[in-house]
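Reviewing the structure listed below.
The values are calculated or read from the model by the stated rules, or taken from the named source; none is laboratory data. Computed from a predicted model, the values in this text were never measured in an experiment. FYI the Cβ positions are ideal-geometry reconstructions off the backbone, even for glycines, and counts take in every protein chain you see. The area values use the complete protein model at the heavy-atom level, side chains included, leaving out ligands, DNA and RNA. Shrake-Rupley method; radii C 1.70, N 1.55, O 1.52, S 1.80 Å.
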Amino acid sequence: MVELSPLRRRMIEDMTIRNLSPATQRSYVHAVAKFSRYFGRSPDRLGLEDVRAFQVHLVSTGISWPALNQTVCALRFFYGVTLGHAEIPERIVYARSPRTLPVVLSADEVVRFLEAVPSLKTRTALTTAYAAGLRASETVGLKVGDIDSGRGVIRVEHGKGGKDRTVMLSAQLLRILRVYWRLAKPRDWLFPGRGADRPIDVQVLYSACRSARAAAGIDKRVTVHTLRHSFATHLLENGTDIRIIQVLLGHNNLSSTARYTRVSNGLIRRTTSPLDRLNVEVVPPG
């Protein structure tokens, strides 16, 4: 086992105290380590000009802007929190994100895509992602107890930023989940992995998306996030208030907790999921 340097240990402790997710912690540590290796010196001996030179290097390699900005976040955290140099982070600039339109599936393409997924568990998971606008991590993180059929909602715990939220439970999805539950008998995790003590890996969903897109003959890049974009677009096209869509997606830009609660409790259950307008087969053939 490799022993951690005091500096890396302190950074990990700083991230843990601030409740950064394990994935974010790994990403930040990797980025700072890469920065250090590039110059062959400990990162606490490197300054703002070194950061700038490293950014120029990364851009020259053709790095994507999300990956570049992830590195910026890591370095801003390292300098601002771990090293306590409050004046440096704001001088480490982010890359400007390109204005690109998200890929959106039509209603017919959603049906073709979902019905091209041969596995009952994976099809149900991807159907759930579309029906509630969930991220991949939120979908695999669902537990049986998160499905509240009495209130007609799904509880999403520890979404992006560690925030919990409530989304609608589609009538069509509830029917699908009941059939799935009778056949698969999940106990704790709604979509368990190979061992019942852990959820299905998100890579399984990613792989299923690639295979189903090809099988359905869809000439678009389809990911779990594509289903999320399609969910939001279809809600908007059906006349759903943009404020409700923001809450359902976990993009809460509302100004007060009271207003958020009114949107959440008063309207989410009455919002029709786009899945309820489709006719998706519950169980894969065979």
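On inspection, Asp50 fails the criterion of being over 24 Å from the mean Cα position of the chain (by Cα), acidic (Asp, Glu) and open to solvent by 50 Å² or more (accessible area, probe 1.4 Å). For Glu13, all conditions in the list (1) touching a helix residue (DSSP H, G or I) at 6+ places or on another chain (Cβ under 8 Å); (2) outside any loop (DSSP other than H, G, I, E, B) hold save one; what is the number of the exception? Looking at each condition in turn, Glu13 falls short on (1). Quick check on segment 161-173. Is at least one of its residues among the β-branched types (Val, Ile, Thr), at pLDDT 95 or above and open to solvent by less than 20 Å² (accessible area, probe 1.4 Å)? Looking through segment 161-173, none of the residues is among the β-branched types (Val, Ile, Thr), at pLDDT 95 or above and open to solvent by less than 20 Å² (accessible area, probe 1.4 Å). The residue that is farthest from the chain's Cα centre (by Cα), counting only those in segment 117-128 that are over 17 Å from Arg175 (Cβ atoms) and surrounded by 20 or more Cβ atoms within 10 Å (Cβ to Cβ), is Val117. Inspect all residues belonging to segment 61-84 and state whether any of them is among the aliphatic types (A, V, I, L, M) and open to solvent by 60 Å² or more (accessible area, probe 1.4 Å). No, segment 61-84 contains no residue that is among the aliphatic types (A, V, I, L, M) and open to solvent by 60 Å² or more (accessible area, probe 1.4 Å).
Out of all the residues in segment 215-236, which are open to solvent by 60 Å² or more (accessible area, probe 1.4 Å) and in a helix (DSSP H, G or I)? Hits for segment 215-236 are Ala215, His225, His229, Leu236.
Say whether the condition of being modelled with pLDDT of 95 or more, open to solvent by less than 50 Å² (accessible area, probe 1.4 Å), among the β-branched types (Val, Ile, Thr) and closer than 14 Å to Val202 by Cα is met by at least one residue in segment 130-139. Yes. Scanning segment 180-205 for residues that are part of a helix (DSSP H, G or I) and open to solvent by less than 30 Å² (accessible area, probe 1.4 Å) yields a total of 2.
In segment 19-35, of all residues being under 16 Å from the mean Cα position of the chain (by Cα) and outside any helix (DSSP H, G or I), the one that is modelled with the lowest pLDDT corresponds to Ser21. Suppose the filter is β-branched (Val, Ile, Thr), closer than 26 Å to Lys163 by Cα and surrounded by 12 or more Cβ atoms within 10 Å (Cβ to Cβ); does Ile88 pass it? It is false that Ile88 is β-branched (Val, Ile, Thr), closer than 26 Å to Lys163 by Cα and surrounded by 12 or more Cβ atoms within 10 Å (Cβ to Cβ).
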